[in-house]
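Have a look at the structure below before the remarks.
The values are calculated or read from the model by the stated rules, or taken from the named source; none is laboratory data. In this text, all values refer to a predicted model and were calculated from it rather than measured experimentally. Ideal geometry is used to build each Cβ from the backbone, glycine not excepted, and the neighbour counts take in all protein chains shown.
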Amino acid sequence: MILTDQVGREVSLPGTPGRIISLVPSLTEALCDLKLADQIVGRTRFCLHPRAMLSHVPVMGGTKKINPEKIRRARPDIILCNKEENTFKMVGELEKIAPVHVSDVSTVDDALELFRHYGDIFKKEEEAENLIERISNKRSKLLDDNGQKSKRAAYLIWKEPWMLAGKGTFIDHMMGLCGLHNVIQQQRYPAIDIHEIKATAPEVVLLSSEPYPFRTRHLHELKKYFPDSRILLVDGSYFSWYSGRIADAFNYFTQIQSVLYR
């Protein structure tokens, strides 16, 4: 089988892969959503969910630094990577071990396309279509309920330096579905001075639980910079994980809206 991944690379597979290594937390969770947990033979130390299904799976390193020899010993039939999470150099090294499929997810539709890819690759077409339908239905309901709701928002992912989610990211896309207009116009994840962020006049400031673990003390710290903004601690996984968690994210967004518009 020869297929094209989401970054336009041709991937040649001799048959249906049985042994899978996933080097991205979202992808690992998506595999479990597609009932492929028993075929995962390697993961990163950040691939923690669902815990019950992954506790026995060997760790092959992180998303940026791996143990090639350990991966080789795991004898994978396929290795799953992501354009944003993993490096170009890493993909080149891994191709010497096994076929590598690289995903590139910036929107929910990209995620749905990826699930369909995995359904074809692993012969889980029915599971993939069920997952796609569940997410699509939840998205439609959220958008119907949204109406004209929109608030200007900034989404912080790091401290010292302050870093935010900008344009071209999955987070930016999910903010839009949540009824939030991202005030950050720069691409990807820019580091911005706190006074520059303040100048964008966000109505809402979101402090993500990941990758930086923002806590209540940070919320109080930022009140002096954003006295007129609503500052919320949010579960970052619902804004950044592209797995079956997307469907749950839409329920979570409804809760956020109930707080912002009550």
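Here is a yes/no grid of residues against (1) farther than 23 Å from Arg116 by Cα; (2) among the small types (Gly, Ala, Ser):
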| position | (1), (2) |
| --- | --- |
| Glu10 | no, no |
| Leu13 | no, no |
| Pro17 | no, no |
| Thr28 | no, no |
| Arg45 | yes, no |
| Ala52 | yes, yes |
| Pro58 | yes, no |
| Gly62 | yes, yes |
| Lys89 | yes, no |
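Across region 104-127, which residue is nearest to Cys178 (Cα to Cα) among those that are out of contact with any Phe, Trp or Tyr (no Cβ under 9 Å at 6 or more places or on another chain) and aliphatic (A, V, I, L, M)?
Leu112
Sort out which residues of region 153-167 are surrounded by fewer than 14 Cβ atoms within 10 Å (Cβ to Cβ) and in contact (Cβ under 8 Å) with a residue 24 or more places away in the chain, and write them in order of number. Before you say what the answer is, go through the steps one by one.
Here is the first cut: in region 153-167, the residues surrounded by fewer than 14 Cβ atoms within 10 Å (Cβ to Cβ) are 160-161.
Pro161 - this is the single residue of region 153-167 that is surrounded by fewer than 14 Cβ atoms within 10 Å (Cβ to Cβ) and in contact (Cβ under 8 Å) with a residue 24 or more places away in the chain.
Would you kindly identify the strands (runs of 3 or more DSSP E) lying entirely within region 134-223 that contain at least 2 residues that are aliphatic (A, V, I, L, M)? Don't jump to the end; show me each part of the working.
Working: elements: 151-158, 180-182, 204-208.
Output list reads 151-158, 204-208.
Would you please name the residue that is farthest from Gln255 (Cα to Cα), looking only at residues in region 135-152 that are buried (at least 16 other Cβ atoms within 10 Å of the Cβ) and at pLDDT 90 or above?
By that ranking, first place goes to Ile135.
Being closer than 23 Å to Trp241 by Cα and either outside the structural domain of Phe170 (by TED's automatic domain parsing) or in contact (Cβ under 8 Å) with a residue 60 or more places away in the chain (or both) narrows it down to one residue among Leu36, Leu3, Leu94, Leu13; which is it?
Values: Leu3 fails: closer than 23 Å to Trp241 by Cα; Leu94 fails: closer than 23 Å to Trp241 by Cα; Leu13 fails: closer than 23 Å to Trp241 by Cα.
Only one candidate qualifies: Leu36.
In the list Glu127, Glu113, which residue meets the criterion of being more than 29 Å from Tyr261 (Cβ to Cβ), of a type in the set (Asp, Glu) and in contact with a Lys or Arg (Cβ under 6 Å, 6 or more places away or on another chain)? It would help to see each step written out before you state the result.
Numbers: Glu113 fails: in contact with a Lys or Arg (Cβ under 6 Å, 6 or more places away or on another chain).
Residue meeting the stated conditions: Glu127.
Assess whether Lys35 counts as being in contact with a helix residue (DSSP H, G or I) (Cβ under 7 Å, 6 or more places away or on another chain), surrounded by fewer than 20 Cβ atoms within 10 Å (Cβ to Cβ) and either part of a loop (DSSP other than H, G, I, E, B) or of a type in the set (D, E, K, R) (or both).
Values: in contact with a helix residue (DSSP H, G or I) (Cβ under 7 Å, 6 or more places away or on another chain): yes; surrounded by fewer than 20 Cβ atoms within 10 Å (Cβ to Cβ): yes; either part of a loop (DSSP other than H, G, I, E, B) or of a type in the set (D, E, K, R) (or both): yes.
Yes: the conditions hold for Lys35.
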